[in-house]
Amino acid sequence: MPPQARNQGLIVAEVDDELVVYDKLRDRAHQLNPVAALVWRHCDGGTTVAELTSLLQSRFGASLDESAVWLALRQLDRAHLLAGPLAVPERFGRLSRRGALKAGAAAIGAGAAVSLVTSMSAPTPAYAASCATLGQSCATIPCCAGLTCAPITKLCV
């Protein structure tokens, strides 16, 4: 079954030829390099892996093969950016370190990292604040400069 990109609970922003996908359900941000972005954009439930491979080859060159597509799909799946389970053929189920490096280098250029999808946790609003101001709770964030956290009330004074 052709892969299907998840489209619920996501905010997608294009940055040059990459994508930044914020998963509102998991509070995670994912940066998709050009290869992963192209694969994810075309995961419509109808485009086969062979067709994805052809798209990659026409955009990035003939050195990319099906293993680069499976590498991207596995990383997209691990990031929870695909809808439903990913059925990986046995021959691509466990890509060797050497195979991953070869596919990754071909996919994103020699000398580059193998990660096609980079993920990070996004802070909750309480942790995103830089500091608590006068009268605000200091139970979870520090008080701003010049204020101290009252030990009993846990308010900045």
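The values are calculated or read from the model by the stated rules, or taken from the named source; none is laboratory data. What you see is a predicted model, and the numbers here were worked out from it, not measured in a lab. Ideal geometry is used to build each Cβ from the backbone, glycine not excepted, and the neighbour counts take in all protein chains shown. Only protein heavy atoms, including side chains, enter the accessible area calculation; ligands, DNA and RNA are left aside. Shrake-Rupley method; radii C 1.70, N 1.55, O 1.52, S 1.80 Å.
Would you mind stating whether ALA83 is open to solvent by less than 20 Å² (accessible area, probe 1.4 Å) and within 17 Å of ASN7 (Cβ to Cβ)?
Spelling it out, it is not the case that ALA83 is open to solvent by less than 20 Å² (accessible area, probe 1.4 Å) and within 17 Å of ASN7 (Cβ to Cβ).
Could you go through the range 134-156 and let me know if any residue there is at pLDDT below 90, surrounded by 12 or more Cβ atoms within 10 Å (Cβ to Cβ) and within 27 Å of the chain's Cα centre (by Cα).
There is no residue in the range 134-156 that is at pLDDT below 90, surrounded by 12 or more Cβ atoms within 10 Å (Cβ to Cβ) and within 27 Å of the chain's Cα centre (by Cα).
Looking at LYS102, LYS24, which one is of a type in the set (D, E, K, R) and modelled with pLDDT of 90 or more?
Only one candidate passes the filter, namely LYS24.
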